[in-house]
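Just below is one structure, and these are the notes that go with it.
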Amino acid sequence: MRLQRNLIVAAGCLSLGLGAWAFGQSTPAAKPTAKPETKASTKPAAPGAPKPATPAAAPKPPAPKDPNDVRPIPPLGTPLPPEDQAAVEKGAKELEAAIDELSATLQQKPQLQAYLPDVQIYYNAIHYGLKYNEFIAPKGSKDLRASAKQALAVLATGLERAKQLKAGQTPWATQSGPRGYVSKIDGSVQPYILFVPEIWKPGQAEPLPLALSCHGRNENLTELAFLSTKIDPSSSNSTVGDPKTKFVAMLYGRYCCANKLAGEIDLFETWERIAEQYPIDKARVSVTGFSMGGGALWHFAAHYGEKFCVATPGAGFSESQRFLKLAQNGEVPPWYESVLYRLYNATEHEENFFNTKTIAYAGDKDGQKQAGDVMEEALTKAGIQLERFIGPNTEHKYEPETKKKLDARVEELTKQGKDFLPQRVKFATYTLRYDSMLWLTVTGLEKHWQKATVDAEIAGGAAIKATTKNVSALFFKFPLKGSPFAIDKPITVDIDGQRVAFDEQSSLLGIYALRKTDGKWGRDTDPPTGLRKRHGLQGPIDDAFLSSFVIVRPTGKGLSEKTAGWAAKECDRAIGEWRKQFRGEARVKPSDQITDADIASSNLVLFGDPGSNPLIARVLPKLPIQWTSEKLVVNGKGFAGDRYVPVMIYPNPLNPTKYIVINSGFTFREADYLNNARQTPKLPDYAVIDTQTPPTKTSWGVLPKAGFFGEKWEWQADDGKIAP
């Protein structure tokens, strides 16, 4: 349980002037001033003398803030004027009908069908506005028809594209403008905006650079607002170098999540779609962002730096605890929440910047300069120099002259391209979700959420030298063309002072896999069977929502009225909040409609209990918990079955390559939406929830037990507790 949740919103544009939000913490009383002791007079008061004043009552302390009184994000929209409402509804029906017709007629024309998402994004922008009251006027606009004008313009473009696609034409493919792709996560169509440089010609084979740009915080950035954005790849809020020399993609990033969780996958799905249509030079892909986008950049540089020739975070936040000033504000998160901050804290992955060209920018008067300051501090300790550009006399924006220099530097590094085969690599991780750096991939950890490191070097033409910490398995992989090692020649790996020889066959494959057993390294010729944590199957709960998932509703009678009601409400919340925060319609099915294809392709998110959800009853015998109406047993501890429910992630017994999740969507709550640095996992691999204390928009409620599974998905002593 979070004993204190004092939500102090950090300075700069990330706060959007939100001020402070506090709950459950009163202001300490001032210490009384010492006064000389006086004796009370025993003499009667003189006739006519004024009566002594009655002491004023002590002021009542302020009432604690209602934990459900949290400003909604996105904000509620404003209804359109009646005449505009009718016109928008009419246009939406026309566009929906056109899309339905195209979906049917293009099934036998896959090349044209691939462009259908470029039409669907326009319908979604209007459909969501109508269905969810999300017509939000542009910030600062006093025009009551502003949203209607945007909607009608978007409809006109969507209808025009539908007409062109029906005729077998896609003229927008050679123009700059909004595009779409179908996400593998939830099947939703997600938008992005692509700038197509004039130097590119249709049919051109020569690849060009690509710059990916992450936007700043904008709670009003619905799909309609995003599609209405004017394209300006050289805007003051992105440093892409020279936009005339490259493709530039402005990412939607799943709305306002600082490109975390599904937002980080959005970058790669957008990149994948662009590369399907245009020749992209993989060695010259850069990534940029400012403010919230800068926060995204720090995490992309820390976890995916191997993929980018340069990353340019502008302001933002590079970790959570110091940025949010948790210690100063007296906020003490649960131990597992503190541990889970390691997932996105770039400051705790400093080794990864050894192979990542990263340039930090901030104005010298910007409170978010803190992000670069703490990163510089962390990198300096690791012997790595952080390149920084500081705008003089500048607050939260790019200083024009400094930006020119920064763009020139980005262009220089883009031309140099990414070195995918450096002589030395350094890598750090706390989880196998992030498992690789160039020619190194870690496949096993001794203990998740403790820091694991590898420092590896190509030593001449026949050896690799490496040192590791908290790593149990890894492999080195080199391209056959341009390999640093001769084909058909044996090599030796010197790892942690132990020598492991590889024969000529390994050189033919270019892969050198090793595993540590009882402290001794050897060739990994026979990987272990059975359950084990590995990339994409390592938890925590939120990890299930980075790939395809299906929510399975409860349909039957629950074990108890209280637990069944709790699960039903949390299921509805998970579905609704997924759409609000990650802008997709989650796939939702009752248990009797789950197919073998669903089990094979998707993580199953099961709400309810063995009574209300037949799928839970089906997999329960192969889960490590016991669960009846009388008793719930988790890691050896029993709880009343009619009051407590489990929340957990585990390999699906029906398909151990996928997850099942029980009773949870993504784990941060509504109050965490107020600051992107708080949008991190709030629950570990499992927890027990007391349904007698209802969850709020601030907290999951009372959690008498929570923890992490071990590396074989086994229970751990003390729930795997790790010192934060």
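No lab work stands behind these numbers, since they all come straight from the coordinates. The structure displayed is predicted, hence computed values, not measured ones. Cβ coordinates were reconstructed from backbone atoms using ideal geometry, including for glycine residues, and neighbour counts include every protein chain displayed.
Observations on the structure shown:
- The phi torsions of segment 664-681, fed into the Karplus equation with coefficients 6.51, -1.76 and 1.60 and a -60° offset, translate into couplings of 7, x, 4, 9, 7, 9, 4, 5, 6, 5, 5, 9, 4, 5, 9, 7, 10, x Hz, rounded to whole numbers, with Gly and Pro shown as x.
- Shown in residue order for segment 362-373 are the 3J(HN,Hα) couplings computed by the Karplus curve 6.51 cos²θ - 1.76 cosθ + 1.60 at θ = phi - 60°: 6, x, 5, 10, 8, x, 7, 4, 3, 4, x, 4 Hz (x for Gly and Pro).
- Structure-based [θ]222 nm, the chain - -39500 (n - 2.57) summed over DSSP H runs of at least 4, per residue, nearest 500: -7500 deg cm²/dmol
- The charge dipole of segment 224-323, taken about its Cα centre with unit charges on the Cβ atoms of Lys, Arg (+1), Asp and Glu (-1) only, comes to about 160 debye.
- The amide H of T443, built 1.01 Å from its N in the peptide plane, has A473, L474, F475 as neighbours under 5 Å, considering only residues 5 or more places off or on other chains.
- Ordering P624, V552, I689 by Cα displacement along the dipole of segment 541-720 toward the positive end leaves V552 in first place; charges were set at the Cβ atoms of Lys, Arg (+1) and Asp, Glu (-1).
- Across the cross-link table entries K381/K712; K562/K589; K166/K246; K139/K397, which are compared at the Cα atoms, the separations over 25 Å belong to K381/K712; K166/K246.
- Segment 75-172 - Debye-derived log10 I(q)/I(0), Cα point model, q = 0.22, 0.23, 0.24 Å⁻¹: -1.03, -1.09, -1.15
- Taking the DSSP bridge list for the chain and keeping only pairs wholly inside it, about 65 percent are antiparallel.
- Over segment 541-720, equivalent-ellipsoid semi-axes from the Cα gyration tensor in Å: 21, 20, 17
- By the rule of a C-alpha distance below 17 Å, with chain neighbours fewer than 8 residues away ignored, the aspartates and glutamates paired with K426 are E306, E348, E350, E351, D435, D455, E457, D494, D496.
- Taking the Cα centre of the chain as origin and assigning +1 to Lys and Arg Cβ atoms and -1 to Asp and Glu Cβ atoms, the resulting dipole is close to 1500 debye.
- Across every direction, the projection of the convex hull enclosing the Cα atoms of the chain has a mean area of 43.3 nm².
- With the convex hull drawn over the C-alpha atoms of segment 523-570, the volume per residue is 141 Å³.
- Here the residues R618, R678, ranked from fewest to most Cβ neighbours within 10 Å of their Cβ, fall in the order R618, R678.
- Based on the reciprocal of the average 1/r between different C-alpha atoms, the Kirkwood radius for segment 473-626 equals 19.6 Å.
- In this structure, the amide hydrogen of V661, modeled 1.01 Å from its nitrogen in the peptide plane, lies closer than 5 angstrom to those of L604, V605, L606, counting only residues at least 5 positions away or on a different chain.
- A convex hull fitted around the alpha carbon atoms of segment 449-523 yields 86 Å³ per residue.
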